[in-house]
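Asker: Have a look at this one.
Read-outs throughout are calculated quantities, based only on the coordinates presented, and are distinct from any laboratory measurement. Everything quoted here is computed from the prediction, not taken from an experiment. Please note: Cβ atoms are built from the backbone with ideal geometry, for glycine as well, and neighbour counts cover all protein chains shown.
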Amino acid sequence: MFEDHKTARVHVATIRTAIETQDKPSLASHLTAYGKLLKDHIKRENEILNPRLDKQLITESYFYSFPLFRTSVMLCCLPIVLRQTSTKP
């Protein structure tokens, strides 16, 4: 799953370049691939990672087991990831 994050950064950087250079085929290809990557990644998180985290966290703190908490953490991290990819050459 860590590799997904690296691949996502490459897609975002390439999408940005494709927009700037108006490379429509590259833009379409990377948007499609990025969308599939996100869909598959989120599915694995929901089916594998999050249930494991729920089992661990519920013993530590009831609050952290709520799906809303996980979603808010992911939404907080997304702008940071996008900012990091936008500052790379």
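Asker: Using 0.36 nm per residue of separation minus the Cα-Cα distance, give me the extension gain between residue 10 and residue 44 in nm, one decimal. Could you put the intermediate results ahead of the total?
Answerer: Values: separation 34, 0.36 × 34 = 12.24 nm, distance 2.02 nm.
Separation in residues times 0.36 nm, less the Cα-Cα distance, equals 10.2 nm.
Asker: Please find the FRET efficiency linking residue 29 to residue 53, where r is the Cβ-Cβ separation and R0 is fixed at 25 Å, and quote it to the nearest 0.05.
Answerer: Details: r = 33 Å, r/R0 = 1.33.
The computed FRET efficiency comes out at 0.15.
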